[in-house]
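Here's the structure, in structure tokens; my notes come after.
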Amino acid sequence: MNLASQSGEAGSSQLLFANFNQDNTSLAVGSKSGYKFFSLSSVDKLEQIYECTDTEDVCIVERLFSSSLVAIVSLKAPRKLKVCHFKKGTEICNYSYSNTILAVKLNRQRLIVCLEECLYIHNIRDMKVLHTIRETPPNPAGLCALSINNDNCYLAYPGSATIGEVQVFDTINLRAANMIPAHDSPLAALAFDASGTKLATASEKGTVIRVFSIPEGQKIFEFRRGVKRCVSICSLAFSMDGMFLSASSNTETVHIFKLETVKEKPQEEPTTWTGYFGKVLMASTSYLPSQVTEMFNQGRAFATVRLPFCGHKNICSLATIQKIPRLLVGASDGYLYMYNLDPQEGGEWTKQDDIQMSPLNSYHLRWFCCLYVKEQGGSGNKGKGRLGKIILLKWKSRYFYK
């Protein structure tokens, strides 16, 4: 989540950047005063791992898994990438590019630098430039995704500025792998699963989320986020096991989809008027326009989370912390939200009330709040409730210690 270009959101705050590392074990935060890393191993507190104040106005900070390798870009030198060993406090190398760096992606094989109309592929071991993808369609948001899998080391980026084409590039063999016509509208979000065999996509409309097999490019799942309004999808994220996909937007709702294939049951002859009517309705879909038929076949959210805000840029993650699946949402309002998730039962999760509030000094954070959420059971879960936990950590400028 790069807020450097979001002047309205970052202008009054110290926060410039926030992102989770590749296996969701730490959180990187860039600010006007430097950057910091926090461990995500506990739900009781956000433990600071490291702090650097040598570089100001850090608009990109990406950590390689749980290693000491970090890639940094500052607003003071937006065309310059620094690669550092943060535990030793040493700079490994630096590179300058022809234009502003919009995004940096890392895995154990490759480092990708994304400019508006160009992508650079570096070997992570010696940082040599292996390949340059030039004259890409204008990509002012720096949208791209890099698989973290060593065997399926693919890069995805927009293939068009006017429609939702996805270019898939093999960063090991340095050749184009596929072009996927994913959406009619331009792309808004991309995400690989941990195995590098699935790619989730969303368009600027934000109503439909699609999942494709990689490198074949076959559509294997299609989910409908909503029909009432078009939204801006901020983030897509798979769980590490690839069974769940979360989608956050500029609305107050985060959708979680379950990637499972429903086995078809053998059809039985209806015995009631209701059953007969249902059979006729399903049969009639073959005569309906394709857009309407698609809506009947699209999956719906397994679970939803209602956040206490809307309109803020954010990034989401599905992580397992202390053996419990959690949804993490970092937002431009300066909060990190954490929800417990039940992989067996879905439903709607909403904020209930404030339980406690106490001061916390980590990263100059002024307050630590624990809130609880209650699962409002779906059609089959009436009366059932589960408690989950949200952790909110505020770093807005007015709460900074002098």
Residue separation times 0.36 nm, minus the C-alpha to C-alpha distance between Ala77 and Leu174: what's the value? 32.0 nm
So what are the radius of gyration and Dmax for the Cα set of the range 92-183, in Å? 12.6, 41
Please give the per residue accessible area of the range 32-102, computed with a probe of 1.4 Å over protein heavy atoms only, in Å². 46
Can you pull out the GluC sites (Glu not before Pro) in the range 98-136 whose DSSP state is coil and whose Cβ has at most 11 other Cβ atoms within 10 Å? Glu135
Pairwise label distance in nanometres, Glu135 with Arg108, each label 7 Å out on the Cα-Cβ vector: 3.7
Taking protein heavy atoms only, a 1.4 Å probe, and rounding to whole percent, the accessible area of the range 118-266 owed to carbon and sulfur comes out at 47
Could you work out how far apart the two model spin labels at Glu216 and Ile324 are, taking each label as a point 7 Å from the Cα in the direction of the beta carbon, and quote it in nm? 3.8
Quick calc, Glu91 & Lys128: beta-carbon distance into FRET formula, R0 25 Å, rounding 0.05, result 0.90
What does the extension gain come out to for Ser42 and Met243, with contour length at 0.36 nm per residue minus their alpha carbon separation? 70.1 nm
Per 0.36 nm of contour for each residue apart, how much would the distance between Ser67 and Glu348 grow if the chain were fully extended, relative to their Cα-Cα spacing? 97.5 nm
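Would you list Met179, Met127 from the most to the least accessible area, probe 1.4 Å?
Values: Met179 75, Met127 10 Å².
The most accessible residue leads, giving Met179, Met127.
The values are calculated or read from the model by the stated rules, or taken from the named source; none is laboratory data. Please read all numbers here as calculations on a predicted model, not as lab measurements. A quick note on method: Cβ atoms are made from the backbone with ideal geometry, for glycine too, and the neighbour counts reach across all protein chains shown. Surface accessibility is based on the protein's heavy atoms, side chains included, excluding ligands, DNA and RNA. Shrake-Rupley method; radii C 1.70, N 1.55, O 1.52, S 1.80 Å.
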